[in-house]
1. Does segment 160-181 contain any residue that is touching a helix residue (DSSP H, G or I) at 6+ places or on another chain (Cβ under 6 Å) and buried (at least 21 other Cβ atoms within 10 Å of the Cβ)?
2. From Phe131, Phe161, which residue is closer than 30 Å to Thr15 by Cα and in contact (Cβ under 8 Å) with a residue 60 or more places away in the chain?
3. What's the total number of residues in segment 146-200 that are farther than 24 Å from Asp134 by Cβ, assigned to a helix (DSSP H, G or I) and of a type outside the set (A, V, I, L, M, F, W, C)?
4. Within segment 103-125, can one find any residue that is in a helix (DSSP H, G or I) and either touching a residue at least 12 places away in the same chain (Cβ under 8 Å) or surrounded by fewer than 17 Cβ atoms within 10 Å (Cβ to Cβ) (or both)?
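Readers should treat all values here as calculations from the given coordinates under stated rules, not as data from a laboratory. Values in this document were obtained by computation on a predicted structure and should not be read as measured data. Using ideal geometry, Cβ is built from the backbone for each residue, glycine included, and neighbour counts are taken over all protein chains shown.
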Amino acid sequence: MNQIIFIRWWEAFYTDEQFYNYLKKIEYNPYKVKKSWRDWIAWSLSENFEVFEPIMPCKADAKYKAWKIWFEKLFPYLKDNKIILIWSSLWWLFLVKYLSENNFPKNISELHLVAPLFNDEWLVNEYVWDFALDINKVSDIEKKANKVSLYFSEDDPVLPFKQHKYYKELLKNSKFFIFQDRWHFSQPAFPELLENIDKS
């Protein structure tokens, strides 16, 4: 069976004080259950794919080294069939950094990056810290995947749309999907992404 590795959100901070201030500011509502396209995609593909959704350590104050250790625990379970990686928002930095510094043990058929952050620029109360990219290595990810697709929305209130220009400059062979009204892709379904995945 083909496989998908699907990583969701995280936050990173330079200092403990920044982390504590972030916790004070974010809303908590135990009754608010938000339906996400991420759940919908995982469910939609579950018949054709084995879907891995690893819970990465300390996702509210992420550290690259810890993530690298945990991410590599998946490797013994990967097969030689089609492997698709779907990464969302700030998680993208981990994968680019990882692929620019290490070889992935299997061939990556498709890489789908939804609202990928590039750096700290224009961010409010969030940081990339030790997930920061070496821009000289970013283009290397196109050598690690057969197909790379990136998705952005012009009205994204979390990830400044201006950041997409960095990827446009560095990833010349990738496909870009630009939307006008998807915010931070906080939607219950994402048919355009599902359509772009080769399900054979």
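1. No.
2. Values: Phe161 fails: in contact (Cβ under 8 Å) with a residue 60 or more places away in the chain.
Being closer than 30 Å to Thr15 by Cα and in contact (Cβ under 8 Å) with a residue 60 or more places away in the chain holds for just one of Phe131, Phe161, which is Phe131.
3. Within segment 146-200, residues that are farther than 24 Å from Asp134 by Cβ, assigned to a helix (DSSP H, G or I) and of a type outside the set (A, V, I, L, M, F, W, C) number 4.
4. Kept after step one, since they are in a helix (DSSP H, G or I), are these residues of segment 103-125: none.
No, because not a single residue in segment 103-125 is in a helix (DSSP H, G or I) and either touching a residue at least 12 places away in the same chain (Cβ under 8 Å) or surrounded by fewer than 17 Cβ atoms within 10 Å (Cβ to Cβ) (or both).
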